[in-house]
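Encoded as structure tokens, the structure appears first; notes follow it.
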Amino acid sequence: MRMRKKRNLEARLDACSDVLIARGSPCRNLKEAAENYRNLIDYRAAFGNGNPVSLEIGCGNGGFVAETARRFPERNFLAVEVCSNVVLTAAERIRRERIPNVRFLNVPAEILDCLIPEDSVERIYLNFSTPLPQKSREKQRLTSPRFLAIYRRLLQEGGEVVQKTDSAPFFEYSIEQFERNGFRCEQVTRDLHRSEWAAENVVTEYEKNFSEKGIPICRLVAVKERE
Ligand SMILES: C[S@@+](CC[C@H](N)C(=O)[O-])C[C@H]1O[C@@H](n2cnc3c(N)ncnc32)[C@H](O)[C@@H]1O
């Protein structure tokens, strides 16, 4: 079902321009989107400091990035969300709660190469990315080889991808892809909420829904290996 466009969407996005530092056009057109963004982000200009940068891809309503940024004020966060309607909720929240270390990119992850400097990201969070089980959509999965090649370019040496999902088949697929494409999987759990990592876990909006239904949460940390 298509989401109804929010009231005054464009004007409200304009009002968030201090935190929304890249705005998507109809961004499923990747060529057009990539042509709009030829300049790499200057982190110092974006955040006003040189603190390490983490990315969240598919941030949804922004609950996870808001709480994580609050817990780690000495880190900066770039939250990527392709859907304008959704990123608006997240951006308005960050402004309302006056969280200083989060910026948003309203673009598809496919074009992150055009925006983010190589070897500049400490950690990438993939929280409840759509599993897309159909074979024909494998290329769009956020842990397919095409995306892992992008993450390898953006991550610093020893940088990591932290993935959480409710989908066991997607999790097994992802482990296989990480291991084949230059990452080493660590801290693998198929029941995060009953694991040793539960206490430090920041629960996302989707995660809350799934765990209320009794669905176990899978989580891993994939560390970038040397060439
Ligand atoms: C299932 S939701 C999960 C939202 C949130 N991370 C959570 O855990 O509550 C996935 C989100 O990823 C976004 N998304 C999907 N594919 C994307 C892509 N290629 N680039 C950027 N965002 C994407 C969707 O618009 C959606 O908001």
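Taking each of K5/K135; K139/K164; K6/K224; K135/K164; K6/K139 in turn, the alpha-carbon distance tops 28 angstrom for K5/K135; K6/K224; K6/K139.
Region 54-108 and region 149-227 have Cα centres lying 19 Å from one another. Note on the chain: GNM, Cα springs under 10 Å; of G158, G214, G50, the largest mean-square fluctuation is that of G214.
Quick check: the angle from helix 145-154's long axis to the longest principal axis of the chain, C-alpha only, nearest 10 degrees? Computed tilt is about 60 degrees.
Sorting the segments 8-14, 117-123 by their mean number of nearby beta carbons within 10 angstrom, highest to lowest, gives 117-123, 8-14. Entry note, the chain: the mean residue ellipticity at 222 nm calculated from DSSP H runs of n ≥ 4, each adding -39500 (n - 2.57), is -9000 deg cm²/dmol after division by the residues and rounding to the nearest 500.
Hey, in the GNM for the chain with a 10 angstrom Cα cutoff, which one of I215, I99, I175 fluctuates hardest? For the chain, modelled as a Gaussian network with Cα springs under 10 Å, the answer is I215.
Measuring nothing but how far apart in sequence close Cα pairs (under 8 Å, 6+ apart) lie, relative to its length, the chain scores a relative contact order of 19 percent. Note on the chain: GNM, Cα springs under 10 Å; of F210, F64, F128, the largest mean-square fluctuation is that of F210. Rounded to two decimals, the Cα radius of gyration of region 138-209 over 2.2 N^0.38 Å is 1.16.
Averaging 1/r across all pairs of distinct Cα atoms in the chain and inverting the result yields a Kirkwood radius of 18.0 Å. Bridgeable aspartates and glutamates around K208 (alpha carbons under 19 Å apart, same-chain partners fewer than 8 residues away excluded): E56, E67, D166, D191, E196, E200. Listed values for region 133-142 are Karplus-derived 3J(HN,Hα) couplings in whole Hz (6.51 cos²θ - 1.76 cosθ + 1.60, θ = phi - 60°), namely x, 4, 4, 5, 10, 4, 4, 8, 5, 6, and x replaces Gly and Pro.
Read-outs: derived from the displayed coordinates by stated rules, not from any lab. Values in this document were obtained by computation on a predicted structure and should not be read as measured data. Don't worry about glycine lacking a Cβ; one is built from the backbone with ideal geometry, like all the others, and counts go over all protein chains shown.
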